[in-house]
Amino acid sequence: MSLVMPEPDAATLARREEIVAALRAIVPGEGVIADAESLRPYESDGLTAYRQPPMVVVLPQTTAQVSAILAWCHANEVKVVPRGSGTSLSGGALPLADGVLLGLSRFNRVLEIDYADRVAVVQPGVTNLAVTRAVEDAGFYYAPDPSSQIACSIGGNVAENSGGVHCLKYGLTTNNVLGCEIVLMDGEVLRIGGRQLDPAGLDLLGVVVGSEGLLGVVTEVTVRILPKPETARALLIGFSSVDGAGQCVADTIAAGIIPAGMEMMDKPAIHAAEAFVKVGYPLDVEALLIVEFDGPSAECDHLIGAVENIARRNGAVSVRASRDEEERIAFWAGRKAAFPAVSRLAPDYYCMDGTIPRRRLPEVLQRMSALAAHHELGVANVFHAGDGNLHPLILYDANLPGQIERAEEFGNDILRLCVEVGGVLTGEHGVGVEKRDLMPVMFTETDLKQQLLLKCAFDPKSLLNPGKVFPQLHRCAELGRMHVHHGQVPHPELPRF
Ligand SMILES: Cc1cc2nc3c(=O)[nH]c(=O)nc-3n(C[C@H](O)[C@H](O)[C@H](O)COP(=O)(O)OP(=O)(O)OC[C@H]3O[C@@H](n4cnc5c(N)ncnc54)[C@H](O)[C@@H]3O)c2cc1C
């Protein structure tokens, strides 16, 4: 485990009792958790290799409480880490030993559903799937569908700009959130966006979505809801080469066809999934595509024919179109179970997340195999092929000395490769702690400085989720050049990390 978090501040730790008492005054009853045993469940998120119990957990229920907590912490220089359901795979919700963990799980109500405007207003602790559940009887749904949708919260989705299988056609969280209420670190409550696609003013919503809990705490979210498509059908296509599958993806998009979902699995992932769910995936192929279409059935039929032709031109060796809903669900069952299926191949796996231009897919997969050999670790690939978002699953055994470090180094090499071929460090899981130190691979110093200046406009004291996303911890006062004259450091009162 190579990533280092800032040293806890001894002076803050010494004030722990005072901090707990102040939080109890704001959130009475069981809303403050301070005993060591009860803090344990909060010590990590989905990036379980990193663990750190927080100094204290606070579970507010109202925006006024969130505002009061943040204002107190701001005035008293106490760090705060927001947390939704704790499923982040990049360590975004990893607590700090000298920080307050602010959990949003009690913000769990759907506040309003407006079918005429096609919006739902929800609290941030509502799970992604619960939004769909709240509107499905009326024939609507919420489109972004992370695999973790049964557990992850809408607030977390906003913070991570989460995606899923259907985001190829319907967009990521950022394309489906219209407005939100956010509380800044000094306690100020701000409403941004609204109920329509293009509200007046600067696009602050675009800044907040994907800001990984660094700019403010989201306390209410307005999302678009969509009418459920009339029908959905899927194609299951096997290829004898990864190149053929990659080219089929590129040619489909180039032909102007945007499927509802377009997922690829490589040979190790296909075999693991088939052994796990036994849905009849072909085992004699190198790559498998699942392509889904939704909408009017005549349109689905037409597009299925068009993509089948493209697939055959690219050397597809098996093509099956789902005939009914049961078969469509069976096609997806293996893909949806791919992660638990792969977990049977090794004691541990490490799920990476990077994005590449679609046309570079075959080359990237080849080079990834070479990297696997170099690091002497296995890898299985499942990915959102349509938007070039890779999820290599690196296989390792945490009980063997050095393996976790090798898995991390392999992961870093994959992400460097993504950037080298013109892609980006993350597709949907965020930077968090995991990719923090790789940010300079992607961004110049000027880029990073501009992003930090934005962070400082929202949180000048850098108290909100520090140690995440930015590779070096700067205080806002130091941004820009720091001149040290005869050993006189500017702002000597500020702690340096
Ligand atoms: C099995 C599994 C499958 C997954 N599949 C997908 C997938 O398909 N697509 C995908 O995009 N992700 C996926 N994820 C990752 C994860 O579920 C998402 O990043 C999700 O959006 C995190 O939501 P959460 O409520 O768990 O947030 P947390 O993990 O609690 O927090 C994530 C980040 O958001 C911040 N945050 C949380 N709530 C708020 C708030 N109210 N205000 C401000 N900041 C906040 C935190 O500080 C942290 O930085 C998967 C995770 C798992 C474990």
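At a glance:
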quantity: Footprinting exposure proxy for Arg40, Arg224 (fewest neighbouring C-beta atoms within 10 Å first); calculated: Arg40, Arg224
quantity: Charge dipole (debye, nearest 20) of the stretch 1-138; +1 at Cβ of Lys and Arg, -1 at Cβ of Asp and Glu; calculated: 40 debye
quantity: Helical mean residue ellipticity (222 nm; -39500 (n - 2.57) per DSSP H run of 4+; nearest 500) of the chain; calculated: -9500 deg cm²/dmol
quantity: Loop sites in the stretch 202-241: GluC sites (Glu not before Pro), DSSP, at most 16 other Cβ within 10 Å; calculated: Glu230
quantity: J(HN,Hα) series, the stretch 385-392, from Karplus relation 6.51 cos²θ - 1.76 cosθ + 1.60, nearest Hz, glycine and proline x; calculated: 5, x, 10, x, 8, 8, 10, x
quantity: Inter-part distance where the stretch 30-56 and the stretch 145-166 are each reduced to a Cα centre, Å; calculated: 22 Å
quantity: From phi via Karplus (6.51, -1.76, 1.60), per-residue ³J(HN,Hα) for the stretch 58-65 in Hz, x at Gly/Pro; calculated: 10, 10, x, 10, 10, 4, 4, 5
quantity: Extent along principal axes [Cα atoms of the stretch 231-339; Å; largest to smallest]; calculated: 35, 30, 20
quantity: Selection from His375, Gly201, Gly92, by position along the positive dipole direction of the chain (Cβ); calculated: Gly201
quantity: Pair Leu202, Arg312: separation of 7 Å Cα→Cβ label points (nm); calculated: 5.6 nm
quantity: Integer Hz, Karplus 6.51/-1.76/1.60 couplings in order for the stretch 133-146, x for Gly and Pro; calculated: 4, 6, 10, 5, 5, 8, x, 10, 7, 9, 6, x, 9, x
quantity: Distance from the stretch 254-299 to the stretch 319-389 (C-alpha centre basis), Å; calculated: 10 Å
quantity: Förster radius 35 Å - calculated FRET efficiency between Leu345 and Ala10, Cβ distance, rounded to 0.05; calculated: 0.20
quantity: Tilt relative to the chain, helix 361-375 - C-alpha long axis, 0 to 90 degrees, to 10; calculated: 60 degrees
quantity: For Cys152, distant residues with modelled amide H under 5 Å away; calculated: Asn128
quantity: Long-range amide H partners of Val317 with built H, under 5 Å; calculated: Gly238, Phe239, Ser240
quantity: Added length on full extension, which subtracts the Cα-Cα distance from 0.36 nm per residue, Lys228 to Arg24; calculated: 69.0 nm
quantity: Cβ-based exposure ranking for Ile225, Ile270, Ile33, in which fewest neighbours within 10 Å come first; calculated: Ile33, Ile225, Ile270
quantity: Length added when fully stretched, Arg51-Glu405, from 0.36 nm per residue minus Cα-Cα; calculated: 125.9 nm
quantity: Taking the convex hull of Cα positions in the chain, its mean projected area over all directions (nm²); calculated: 24.6 nm²
quantity: Taking N as its residue count, the alpha carbon Rg of the stretch 346-420 over 2.2 N^0.38 Å; calculated: 1.05
quantity: Amide proton proximity set for Val279, modelled H, under 5 Å, gap of 5+; calculated: none
quantity: Pairs from Lys336/Lys468; Lys169/Lys461; Lys278/Lys468; Lys278/Lys435; Lys228/Lys468; Lys79/Lys169 whose Cα-Cα separation, in the structure shown, is over 31 Å; calculated: Lys169/Lys461; Lys278/Lys468; Lys278/Lys435; Lys228/Lys468; Lys79/Lys169
quantity: Förster radius 35 Å - calculated FRET efficiency between Ala370 and Glu445, Cβ distance, rounded to 0.05; calculated: 0.65
quantity: Distance-filtered residues of the stretch 250-270 - backbone nitrogen under 20 Å, label point 7 angstrom along Glu299 Cα→Cβ; calculated: 252-263
quantity: Which of Ser2, Ser67, Ser297, Ser162 has the fewest Cβ neighbours within 10 Å, and the rest in rising order; calculated: Ser2, Ser297, Ser67, Ser162
quantity: Calculated FRET value between Val421 and Arg133, using beta carbons and R₀ = 30 Å, to 0.05; calculated: 0.15
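Laboratory data are not the source of any read-out in this text; all were calculated from the coordinates shown. In this text, all values refer to a predicted model and were calculated from it rather than measured experimentally. When we count neighbours, we look across all protein chains shown, and the Cβ atoms used for this are built from the backbone with ideal geometry, even at glycine.
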